[in-house]
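The values are calculated or read from the model by the stated rules, or taken from the named source; none is laboratory data. These numbers were taken from a predicted model, which means no experiment stands behind them. All Cβ positions, glycine included, derive from the backbone under ideal geometry; neighbour counts span all protein chains shown.
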């Protein structure tokens, strides 16, 4: 609600603001950032700048969604869907846990036409949008479910996808075990934010200010921490890739 109010205020003042020359606006903001950082204590100045950067990142993402007509450009820029689809044998059953608005599920179904994909998400609004996108796609090998994966009894799958989900979970060991039991899948394809993506993340932690990329995150993994999480649930990491500030891992259950 607060963000919506900020956007409404920004819209009202945008016309007189944009009358100013672009160069002058940039100079103004540079001076503002410098002034905000010029405290007697460098620590306090750094904190202020990081908090401003958080707001800027929010605005950038808001504009990126607008640019992509509601779908974030990161989906095609990062091409991370290919990490999943290239590691799935066509003709398999795929379970996309926490599928959001279904972008990953739809892309996998499009690339692997012989496979069947189930996307499940706890957010009903996400599933409504996912089904709208599905209706536009004419794909017949995708099904979206509104619900909590922890309350499902039997959704069998050959592969489980967890794309930016694990970092939202407090008890990750139990979560992974529950999904494995529900799906009977031996292969999990996992994507999480990488804590070691930038020195500023470690700096923020040292300054004791919020350093996660989302307020709902319980952890942002190092490769070692991800390895520990999956091993505690009975998985072995068979492949790890770090790119775009994230960790992508192929995990196999038990000795498979």
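Criterion applied to 133, 162, 176 was being within 22 Å of residue 112 (Cβ to Cβ) and part of a helix (DSSP H, G or I), and the one residue passing it is 133. Entry remark, segment 89-100: residues being buried (at least 24 other Cβ atoms within 10 Å of the Cβ) and either outside any strand (DSSP E or B) or within 13 Å of the chain's Cα centre (by Cα) (or both) number 2 in total. The residue list 238, 250, 227 contains one member that is modelled with pLDDT of 95 or more, exposed (fewer than 13 other Cβ atoms within 10 Å of the Cβ) and in contact with a strand residue (DSSP E or B) (Cβ under 9 Å, 6 or more places away or on another chain), which is 238.
When the residues of segment 214-224 are filtered to those that are surrounded by 13 or more Cβ atoms within 10 Å (Cβ to Cβ) and free of Cβ contacts under 8 Å to residues at least 40 places away in the same chain, the one that is nearest to residue 59 (Cα to Cα) is 222. In segment 109-127, of all residues being in a helix (DSSP H, G or I) and within 19 Å of the chain's Cα centre (by Cα), the one that is surrounded by the most Cβ atoms within 10 Å (Cβ to Cβ) corresponds to 127.
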